[in-house]
Amino acid sequence: MASIHSVTLEVADLAAAERFYAAFGPGAALQLRLRAADTPTTGFRGFALALTVARPADVDRLVDAAVEAGATALKPAAKSFWGYGGVVRAPDGTIWKVATSAKKDTGPATGRIDEAVLLLGTADVAESRRFYVGHGLTVARSFGKKYVEFAGPSGAVKLALYGRRALAKDLGVPVDGTGSHRLAISGDAGPLDDPDGFAWEAASPVPVH
């Protein structure tokens, strides 16, 4: 079963990004890497990183840490039909969604991240699903042409596909964007470029962050 080994964010200011992610703190859950790049990009880059946590207090802890470190709150942490969550944009432009299915706080923050998901906004969810299944990924959950989540080893970041317009709406940003995704995915399926231009690289050992 193909899976993601790590996620690399390409950032214009490597030192600043290192400081931000050291303060924000979710890197280990995604085997997060950073590397310098100045490839042109504007607007929505077509993806987000989603963190599922145990309690609203964990959402507040991560969102507050991100904002204090320089992130912009796109959706302040709040209750919703699905639970409790918030969305922030890091100084490097990466969008992070932090959420829990719990609506009521039952204690202090645990400091644990239960699941990390890389959400890719696609032009055609069904086409991208066929592409990834053809490259060895296994579908774990699917909601027709709206959302697909692939299986992964325990503790590894999962891959999910979302219609680009629906993902942008969920994150609270305009859908328009051009240029580089400034994202590289390291995993068993690589090297390859998917139908939406997301690049996979061959899996490599030991992440930097």
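All of the numbers you see were taken from the coordinates with simple rules; none came from a lab. Because the structure is predicted, anything quoted here is derived from the model rather than measured. Here Cβ is always computed from backbone atoms with ideal geometry, including for glycine, and neighbour counts include all displayed protein chains.
Miscellaneous remarks
- Distance from region 68-107 to region 32-49 (C-alpha centre basis), Å: 20
- Sum of side-chain charges, Ala156 neighbourhood, beta-carbon under 12 Å (Lys, Arg +1; Asp, Glu -1): -1
- Eligible aspartates and glutamates near Lys79 by straight Cα distance, threshold 13 Å, same-chain separation 8 or greater: Asp60, Asp105
- Exposure proxy for His135, His181: other Cβ atoms within 10 Å of each Cβ, ordered fewest to most, give His135, His181.
- Straight-line cross-link reach from Lys158 at under 15 Å between alpha-carbon atoms covers these aspartates and glutamates, not counting any fewer than eight positions away in the same chain: Asp114, Glu115, Glu149, Asp188.
- Shape category assigned to the chain from the gyration tensor of Cα positions, a/c cut at 1.5: rounded
- Charged side chains reduced to their Cβ positions (Lys and Arg at +1, Asp and Glu at -1) give region 6-106 a dipole of some 420 debye around its Cα centre.
- Of Phe81, Phe198, Phe44, the one that fluctuates the most in a GNM where the chain has Cα springs shorter than 10 Å: Phe81
- Under 5 Å from the amide H of Val139 lie the amide H atoms of Ala151, each residue being 5 or more positions distant or on a separate chain, with H modelled from the backbone and absent for Pro and chain starts.
- Of all DSSP bridge pairs formed entirely within region 1-131, close to 65 percent run antiparallel.
- Whole-Hz couplings from phi, Karplus 6.51/-1.76/1.60, listed for region 139-144; x for Gly and Pro: 5, 9, 9, 8, 10, x
- His5 long-range amide H proximity, modeled H, under 5 Å: Ser186, Gly187, Asp188
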